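Report on the following structure.
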Amino acid sequence: MAGSSLVLSDGSTLSKIDRRLYRLETFMALLSGLAVFALMLLAVVSVSGRNFLNQPLPGYVDWIEQAMPLIAFLGVSFVQRDGAHIRMDIVAASLSGRTLYLVELITTFAILVLMVLMVWGSWSHFLRSFDFAAPLWSRDSSMDIALPIWPAKLLAPIAFSVLSLRLVLQIYAYGLAFWRNDERPVAVPLIADAATQAAMEAEHVSGRDD
């Protein structure tokens, strides 16, 4: 459940790597948000052109198709870091200690296997579209205004690779927490209790986030 997890930090190397990767993930999530905003502006331009000039924005659908990977993929690692993907928190909250860390490690490893396959498949899909010898380096293009499709296809393996790095980091952190039986492990999302979650939301709306 989004908003119900927190990630602890300390001075360890693991936590430093987590924070550096989080900066990259935050930047990618920002690009995803800007893509949504850009599509909103394009919609306004297209509708205004149709209503007032009888001429909608040329290639509007093509631009939407190009922006979909930005919106769908770039923020996925950011959400994974904060534990905001939809999951059964009610089940995870009933576990604790090594049992919780073992379950999280197994499920995170399963996701990593899937994402490695996704990186391989999406990279192969990109290579089928990219060609240095072709015009605009593209073997295929959009149907309306002939935008090259390979940039959109490249975003998928990039986003999935960053997510794979995040999953590797979390697997290591869960394994370390399991080995040490840490009460407050770093670099992994922990389920916050009601009081902690309320305090986090209060800080967010008051603008006092770090």
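The values are calculated or read from the model by the stated rules, or taken from the named source; none is laboratory data. Bear in mind the structure is a predicted one, so any value in this text is a computation, not a measurement. Please note: Cβ atoms are built from the backbone with ideal geometry, for glycine as well, and neighbour counts cover all protein chains shown. Quick note on the areas: whole protein, heavy atoms, side chains included, nothing else; ligands and nucleic acids left out. Shrake-Rupley method; radii C 1.70, N 1.55, O 1.52, S 1.80 Å.
Scanning segment 139-154 for residues that are assigned to a helix (DSSP H, G or I) and in contact (Cβ under 8 Å) with a residue 40 or more places away in the chain turns up Pro151, Ala152, Lys153. Filtering segment 149-192 down to residues that are β-branched (Val, Ile, Thr) and more than 27 Å from Gly121 (Cβ to Cβ), which residue is most open to solvent (accessible area, probe 1.4 Å)? It comes out as Ile191.
Remark: Pro157 falls outside the filter, which requires a residue to be under 23 Å from Ser77 (Cα atoms) and modelled with pLDDT under 95. Only one of (1) in a helix (DSSP H, G or I); (2) acidic (Asp, Glu); (3) open to solvent by 40 Å² or more (accessible area, probe 1.4 Å); (4) at pLDDT 90 or above fails for Asp10. Which number is that? The number of the failed condition is (1). Take the conditions (1) under 19 Å from the mean Cα position of the chain (by Cα); (2) modelled with pLDDT under 90; (3) among the hydroxyl-bearing types (Ser, Thr, Tyr); Ser141 misses just one of them, which is (1). Summed over segment 45-74, residues that are open to solvent by 80 Å² or more (accessible area, probe 1.4 Å) and more than 24 Å from Ala146 (Cβ to Cβ) total 2. Applying the set (1) in contact with a Gly (Cβ under 8 Å, 6 or more places away or on another chain); (2) part of a helix (DSSP H, G or I) to Asp62 leaves exactly one unmet item: (1). Sort out which residues of segment 84-138 are surrounded by fewer than 16 Cβ atoms within 10 Å (Cβ to Cβ), without any contact (Cβ under 8 Å) to a residue 24 or more places away in the chain and small (Gly, Ala, Ser), and write them in order of number. The answer is Ser94, Ser96, Ala110, Gly121, Ser124, Ala133, Ala134.
With respect to the conditions (1) of a type outside the set (D, E, K, R); (2) over 27 Å from Phe27 (Cα atoms); (3) outside any loop (DSSP other than H, G, I, E, B), Ser94 falls short on a single one, namely (3). Taken over segment 68-78, the residue count meeting the criterion of being without any contact (Cβ under 8 Å) to a residue 60 or more places away in the chain and either part of a helix (DSSP H, G or I) or farther than 23 Å from Leu24 by Cβ (or both) is 3.
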